[in-house]
Amino acid sequence: MKITGLRLGRIKVPLTTPFKTAIRTVNEIDDLIVILETDGPLFGIGSTPSTPHITGCDHKLTSQMIEQFVFPAIKGCDITEIRENTKRVQASTEKANNAKSAIEIALYDLWSKQLNLPLSKALGGSLEEIQTGITISANPVFDMIADIEKAIAKGYRLMKLKCGTEPAADQSRLTKIFHFVATLRQKTELMIDANQGWTTEQTLYIMRQLESAGMVFKALEQPVKHNDLKGLLAIKEAITTPLMVDETCFNLKQATYLLDKGIANQINVKLVKSAGISEAIKIGQLGEQRLIPCMMGCMLEGAIGVAAAAHVAAAFPVQFKYVDLDGPTLGQYNPIDQGTRFEKSKVYLNKTPGLGISKIPTLSPNRC
Ligand SMILES: [Mg+2]
């Protein structure tokens, strides 16, 4: 079966509550949808969010990159050639991470559909459900504690606390949250994500205060600017909390460099950053070799792209020790009524072939 055509569309879903990090506030999930058509009965679906602040790609640029470079590189190719097709995608143009990620998701969807297997099983996995953590937005501490209580009631065990918006207040905010969680009977693991919002000095001060008071966090994610490798190394060497890189690490080359230099203890992998599934798996495997746990994360994005990430995480549970795929649950509704189900802290993978999506009733035209 050969790839013959391309369709682009959009799906927007309003968020239940605005999503706040040190960088921005967002009110809706807005995904660009890719549909790969074939000369047979199958089609492949992929998606990507707009992430100009991280990858430099908004939907307008991503659409152009797909139409001009990425799709032409696989047009006419056989859907069984997943290895060759992902290489063609990666070689089609420089950067364009969002475009490559969306097309790779659609390629893997097609490939696993023709194998008549769910994507995770086609990748060699056996899990049918996984547990995800949840992100707690940066807000006044009482609001964050209220969000944590709600999350615990929904079964979440791993929570990522967004901070970095007010470095001066973060230490006391984290302290109050830690002590609140410590009073609970329910075992809850906390990570900190400062989203590049602290300086090295602020990070060292805050973490020394927290650690010397006996507070234990599963990770400190991306405290300083993505290109501040010196700062990251100084922080990693000074603190006992594992240092996770996010915005500093997009691809295998960067991951290898960071681990060679001893700059990170953990890596947050996201399909948009790694430009797709093929490179995300390679980073996970590198982590396994170096005894570096990875997290499978996502952007603020909906059920198609996050389902693909969930299938990869389920297929490689040793490599992706942590899962942070809460994107679809932040929307007011799920526009995809098929495929992987995101129910509170549980992600139930579809048992149908590929990503299990055979139609998208809510697809609207792609107007950029
Ligand atoms: Mg992060």
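A short reminder: the numbers here are calculations on the coordinates, not readings from a lab. Note that the structure is predicted; figures quoted are calculated from it, not measured. Please note: Cβ atoms are built from the backbone with ideal geometry, for glycine as well, and neighbour counts cover all protein chains shown.
Below is a table of values for the structure above.
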quantity: Checking P41 against (1) surrounded by fewer than 21 Cβ atoms within 10 Å (Cβ to Cβ); (2) part of a strand (DSSP E or B); (3) not acidic (D, E), the condition it does not meet; calculated: (2)
quantity: Residues within segment 144-183 that are among the charged types (D, E, K, R) and under 26 Å from E343 (Cα atoms), tallied; calculated: 7
quantity: The one condition in (1) of a type outside the set (F, W, Y); (2) closer than 20 Å to H53 by Cα; (3) within 16 Å of the ligand (Cβ to nearest atom) that T199 fails to fulfil; calculated: (3)
quantity: Qualifying residue in segment 254-263 (condition: part of a strand (DSSP E or B) and either β-branched (V, I, T) or in contact with a Lys or Arg (Cβ under 6 Å, 6 or more places away or on another chain) (or both)); calculated: no
quantity: Condition met for A313 (farther than 18 Å from T55 by Cβ, touching a Phe, Trp or Tyr at 6+ places or on another chain (Cβ under 7 Å) and not in a loop (DSSP other than H, G, I, E, B)); calculated: yes
quantity: Unique residue being crowded, with 24+ Cβ neighbours inside 10 Å, under 22 Å from the mean Cα position of the chain (by Cα), basic (K, R) and part of a helix (DSSP H, G or I) when the list is K121, K100, K87, K60; calculated: K100
quantity: Residues of segment 69-84 satisfying the condition of being part of a helix (DSSP H, G or I), without any contact (Cβ under 8 Å) to a residue 24 or more places away in the chain and surrounded by 13 or more Cβ atoms within 10 Å (Cβ to Cβ); calculated: P72, A73
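Rundown of residues vs (1) under 11 Å from the mean Cα position of the chain (by Cα); (2) among the charged types (D, E, K, R), yes/no style:
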residue: R290; (1), (2): no, yes
residue: P293; (1), (2): no, no
residue: C298; (1), (2): yes, no
residue: I304; (1), (2): no, no
residue: A313; (1), (2): yes, no
residue: Q319; (1), (2): no, no
residue: L330; (1), (2): no, no
